[in-house]
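What follows is a set of notes on a single structure, which appears directly below.
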Amino acid sequence: MTCDVLNFGSLNLDRIFKVDHLVRAGETLSCTGSDAVPGGKGLNQSIALSRAGLKVAHAGKIGRGGDVLRQYLQKNGVNVELVVQDESLPGGEAFIQVDSEGRNSIVLEPGANFEITSTEIAAVVAEIPRDGWLLLQNEINSIPEIMRAAAGRGARIAINPAPCRENVRNYPLELAEFIFVNEIEAFVLTGCDNPETAAQCLAERYPHVGIIVTLGSAGALFKRGRERIFQPAQKVKVVDTTGAGDTFTGYFLAGIHRKLTVEGAMNAAARAADLAVSEAGAANSIPTADRVFGK
């Protein structure tokens, strides 16, 4: 298999509910609109990589009714040879609220995404090109096993450990070349309550890893050893922030693949995320390469 990046990640059906405000504890709230679209951090990041101009292969597991997810990836130029299906399992789903200011809250039902076997993992890892990129998120099972097997093969690993829980601190994150986290995820990993301090803590814990902390409308921060780069975000009208981080991740790696400097890759990723949040939806709002890198 020939690809620039092999993305081993989740495949979900996103059920999106537009609401005036995010529902509070004990509250019943009627939505102002709803939709069901392909999603999952894995799928979104594969779409971002593909629209950024890379050759992408997606590996993952779908359950009943998952054909629409595989077809959506194919339609967007993603190789799906390594997507397996088990009709005995429920498919992954995400229940997403999006409020009037574009903020979101998400509840996940992992389904088949958490039923990947060691045999299936070995088959995927065997397809990673030598010195090739493996991209991971934290919406599938057995991430430590996958990381160690991929590192043993000599893969370059990038990981977005979201959703992030305290057990992620025990993952072999030192095997990664890049770690992508948002502010909340950085706080969970470090216990720090300040993005700058959290980024510094992660940089000290993993001195050879590039740490990228996305800060929403405030931009993004990169730390590796003593190197520090701050990337501001543009002032844009925010319609929907769902998928903005996935867009940033995909375009950052695309920038690195294009031999841009880290600063250049950060700039391109921020530009892509700004375009994504100005439109509704997750995967469908990810911009194409010509809008980000130019023709």
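The values are calculated or read from the model by the stated rules, or taken from the named source; none is laboratory data. This one's a predicted model, so the numbers in the text were calculated from it and none came from an experiment. Neighbour counts run over all protein chains shown; Cβ positions are idealised from the backbone, glycine included. Note: areas computed on protein heavy atoms with side chains; ligands, DNA, RNA excluded. Shrake-Rupley method; radii C 1.70, N 1.55, O 1.52, S 1.80 Å.
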Using 28 Å as the Cα-Cα cut-off, could you pick out the over-long pairs in Lys61/Lys237; Lys18/Lys223; Lys41/Lys75; Lys61/Lys259; Lys41/Lys235; Lys41/Lys237? Lys61/Lys237; Lys18/Lys223; Lys61/Lys259
How large is the translational diffusion coefficient of the chain in µm² per second when you combine the Kirkwood radius over alpha carbon pairs with Stokes-Einstein at 37 °C and 0.692 mPa s? 173 µm²/s
The chain - mean residue ellipticity at 222 nm from DSSP helices (-39,500 (n - 2.57) per run, n ≥ 4, rounded to 500): -9000 deg cm²/dmol
Taking the stretch 185-238, how much of its Cα-Cα pair set, in percent, is spaced more than 18 angstrom apart? 30 percent
Expressed as a percent, the accessible surface of the stretch 35-181 that is carbon or sulfur, using a 1.4 Å probe and the full set of protein chains, is 47 percent
Defining a contact as two alpha carbons under 8 Å apart and six or more residues distant in sequence, what relative contact order in percent does the stretch 20-145 show? 24 percent
Find the accessible area per residue for the chain; the probe is 1.4 Å, ligands and nucleic acids are left out, and the unit is Å². 44 Å²
Fraction of the pair-distance distribution of the stretch 38-152 above 19 Å, Cα-Cα pairs, percent: 49 percent
P(r) of the stretch 159-282 over all Cα-Cα pairs, 10 Å bins starting at 0, rounded to whole percent, reads 14, 47, 33, 6
Which order do peptides 135-141, 4-10 fall in by mean Cβ count within 10 Å, highest first? 4-10, 135-141
What is the stretch 190-295's relative contact order, in percent, from Cα pairs under 8 angstrom and six or more apart in sequence? 20 percent
From the Cα centre of the stretch 122-150 to that of the stretch 230-284, the distance in Å is 24 Å
How high is the relative contact order of the stretch 241-294, in percent, with contacts defined as C-alpha pairs under 8 Å that are six or more residues apart? 39 percent
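Applying a 10 Å radius around every beta-carbon, put 266-274, 116-124 in order of their mean neighbour count, most first.
In descending order of packing, they fall as 266-274, 116-124.
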